[in-house]
1. Step through the table entries A:103/A:290; B:106/B:168; A:290/B:130; A:164/B:130; A:164/A:187; A:290/B:230, compare each Cα-Cα distance with 25 Å, and write down the pairs that go over it.
2. When the Cα atoms of the range A:23-139 are enclosed in a convex hull and the volume is divided per residue, what value in Å³ results?
3. Relative contact order (percent) for chain B, with alpha-carbon contacts under 8 angstrom and 6 or more residues of separation?
4. Amide H of residue B:62 versus every other amide H placed in the peptide plane: which residues, excluding those fewer than 5 positions away on the same chain, fall under 5 Å?
5. Measure of size requested: the Rg and Dmax of the range A:92-146, with Cα atoms as the atom set and Å as the unit; please supply both.
6. Cα centroid distance between the range A:165-209 and the range B:247-326, in Å?
7. Round to a whole angstrom and tell me the spacing of the C-alpha centers of the range A:8-31 and the range B:88-144.
8. Which residue, A:188, A:147, A:176, has the most motion in a Gaussian network model of chain A that connects Cα atoms within less than 10 Å?
Amino acid sequence: MLFKRLGYTDRIMIVAIYVFLILLSFTALYPFWNTLIVSLNEGLDTAKGGVTFWPRAFTLSNYSTVFADDKLLNAFMITILRTVIGTISAIFMTTMLAYGMSKSYLIGRKFFTIFFIVTMYFGGGLIPTFLLIKSLGLMNNFLVFIIPGLISVWNMIIFRTFFKSLPAGLEESAQIDGCSNWGVYLKIILPLSGPVIATLGLFTAIAHWNDWFAPTIYITNQDLMPVQTVLRRLLNANLFNEASGNSTGTINSLTLETASKKSLTSKSLISATIMVVSLPIIAVYPFVQKYFVKGVMVGSLKE
Amino acid sequence: MSQVTAKEHYSSIPPKRRSVNEKSFFQRLWKQMDIQLMVWPGVLLIFIFAYIPMYGVLTGFMDYNIFTGANIFENPWVGFKHFEDFFNAPQFWTIMRNTIVISLLKLLVGFPAPILLAMMLNEVRHRNFKRVIQSITYLPYFMSWVIVGSIVMSLLSTENGSVNMLLKGIGAIDESINFLSMKDYFWAILVSTNVWKDIGFNSIIFMAAIAGVNPSLYEAAEIDGASRFKQMYLITIPTIMPIIIIFMILAMGSLLSAGFEDILILAQNPSLRPVSDVIDTYVYRVGLQNQRYDFGVAVGLFRAVVSVMLLTIANYLARRTGNSLW
C-alpha cells in the first residue's frame with residue numbers, strides 16, 4: 001500500500017509507529033552497545049564520565065585482564081562443559097523417553113502420561129529440592145548441573161507429538177528389514193528430527209548457559225562455579241564498593257588479582273566480563289533466530 | 001438354529017489355541033522390554049527429582065532438625081505451627097502486598113505491551129525493516145538475569161550511568177540519583193526491566209495470531225474506505241481477542257509468582273526489602289539462607305496451594321470463554 005494513498009490520520013499513525021519502533025530498538029540495543037564501549041575504553045578514563053557511543057581511549061587491556069584471570073577462565077570452562085554435556089545428555093534422554101512414550105502399544109502408557117503431566121503442575125519447591133540434592137550427595141558435584149535437568153516433561157511432550165506425526169511406513173519398512181526399536185530410534189527417528197532437536201536443544205543450551213541460581217545454592221567450591229555465578233559475585237563486590245564510595249577504585253582483589261597493577265576499574269572489568277559471557281549468545285543468535293521463533297510456535301501448538 | 005452362549009463358545013475353543021492369541025501380561029511385557037527400557041530411566045529420574053521433593057513438603061508440618069538423615073519421620077510433627085508463624089510474622093502483610101502488587105503491575109504493563117508491539121509491527125510494510133526490529137527486540141530475552149541486572153545497574157549507576165547523564169544533560173536533575181537504593185523507584189525499575197527483556201519475544205505469539213486473520217476482511221474494509229487505524233481497531237483487535245483473553249486468564253493463575261531471579265538480582269540493597277520482598281524471595285532468604293527449612297517449606301507450600309487454587313479457577317474461566325467466541 002502506498003503511503004501517498006493513505007489518509008491524514010493514517011499517515012500520522014504510520015510515522016508514529018516507525019518512530020516508536022526505532023526508539024524501542026534503540027533502547028533494546030543501547031545497553032549492550034554501551035557495555036561494549038565501556039569494555040573497550042580505559043577504566044580510569046571511563047570514570048571521568050561521558051563515554052556513551054564510542055570509545056574515547058581505546059584499549060583491550062580489560063579483555064586481556066579478564067582472559068588472564070585463572071578463576072574466570074576456569075568458570076568459563078565449567079559453563080562450556082555443563083552446556084555441552086548437559087544439552088546433549090538431556091536431549092538424548094528426553095528423546096529416548098519420548099520415543100518410548102510415542103508407542104501406542106506401550107504397556108502402562110496412560111499411567112506414565114499422568115505420572116509425567118502431574119509434575120508440570122505440582123512441585124516440591126525450592127527447599128525440599130535442596131534437601132534432596134543434599135541427601136543425594138550432589139552438593140559441590142559437577143553432576144548437579146546435569147542430572148536433575150535430564151528430563152524435561154514439556155520437551156518430552158513436544159518430541160512425542162512430533163514422533164507420532166512421522167510417517168509410520170518408514171518405521172515399518174525398517175522393522176521388516178530387521179531393524180530393532182533401538183535401531184529405528186537411533187537411525188531413523190533421530191536423523192529425521194533435526195529441526196525439532198535443534199530448536200529444543202537451543203533452548204536447553206541457553207538455559208544451561210544462563211543458569212546462575214542453582215550454583216549459588218548447590219556449589220560452594222570455587223573451582224566448580226560457572227561464569228554467570230562468578231559474574232554475580234563480582235557485581236556484589238562492586239555494589240559493596242560503591243556503597244562505601246569506592247566504585248572508581250580497583251576491584252576486590254579476591255577475584256581479579258592483577259586488576260590493581262593495571263589501574264583498571266571494576267566497571268570496565270565487569271563490562272568486559274559481561275561482553276564475554278553474552279558474546280556466545282549474540283554470536284549464534286542471527287543464525288538460530290528462526291529456530292527460536294519456531295520453538296515458540298511448537299510450544300503454543302500444545303496449549 | 002442352536003443358541004450358543006458365550007461360555008459354551010469359549011469352552012469350545014481348544015485351550016492351546018487360546019494361549020497363542022492371548023499372551024499373559026508378563027509375556028507381552030517381556031516382548032516390548034526394549035521399549036519399556038527406554039521409558040524407565042525417565043520415570044526413575046522424574047520420580048527422584050519431582051516426586052520425592054513433593055513428599056519432602058511434609059517437613060512443613062514438622063520441627064525439622066537439620067542434622068536428620070534421609071528419614072524425615074524422625075522429626076516431631078507440629079501441625080500448622082509454621083503456617084501460623086508465617087501468618088503472624090510482622091512481614092506477612094508487606095510480603096503479601098508486594099507479591100500481589102508486583103505481579104499485578106507486571107500483568108498490567110507487561111501483558112498489553114507485546115500485543116501493542118505485534119500490532120505495530122503488523123502495520124510495517126517494509127519487510128527488512130520489520131525483520132531487523134524483530135531481531136533486535138527479541139535479543140534481551142536470551143540474556144540471563146545476571147547480565148540484564150548488571151547492565152541495568154551500570155545504566156542507572158550514580159557514577160556516569162547513562163540515565164543519570166541523560167537526565168542531567170536535559171536539566172531534569174542536578175544531582176545524580178541512586179535509583180537502585182530508593183524504594184520509590186524499585187517497582188518501576190523492576191517492571192520496566194521485565195517489559196524490556198520480554199516484550200519482543202512475547203510478541204511472537206500475537207504476531208502469529210494476527211497473521212492468521214483472514215486478509216479478505218482487510219480488503220473488504222479498505223473497499224469500504226476504512227482507514228488503517230480503523231482496520232486495526234475494528235478488525236485486528238476483535239479477531240485476536242479470544243487468544244488475548246485466554247492468555248490473560250492464564251496469567252491470572254500465576255498471581256503469586258511475582259518473580260524471583262529478577263528481584264534477587266535487582267534488589268540487592270537490603271534497604272529495598274519493604275518493597276521488594278515477595279513470597280519466593282522470603283522463602284529463599286529465611287528458609288534456605290537462614291536454614292529455617294521447615295518454616296520455608298511451609299511458606300512455599302502455602303504459596304503453592306493458593307497458586308493451584310488460582311490456576312484451577314483460571315482454567316475454569318478459560319474454558320468458559322473459550323467456548324463463547326467474542
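1. In this structure, A:103/A:290; B:106/B:168; A:164/B:130; A:290/B:230 lie more than 25 Å apart at Cα.
2. 234
3. 26
4. When sequence neighbours closer than 5 places are left aside, the close amide H contacts are B:78.
5. Every Cα atom of the range A:92-146 included, Rg and Dmax give 15.0, 42 Å.
6. Answer, in whole Å: 37.
7. Here the answer is 17 Å between Cα centres.
8. Checking each option, the largest mean-square fluctuation is seen for A:176.
The values are calculated or read from the model by the stated rules, or taken from the named source; none is laboratory data. Everything quoted here is computed from the prediction, not taken from an experiment. Cβ atoms come from the backbone with ideal geometry, glycine included; neighbour counts cover every protein chain shown. To get the accessible areas, we keep the full protein, side chains included, count just its heavy atoms, and leave off ligands, DNA and RNA. Shrake-Rupley method; radii C 1.70, N 1.55, O 1.52, S 1.80 Å.
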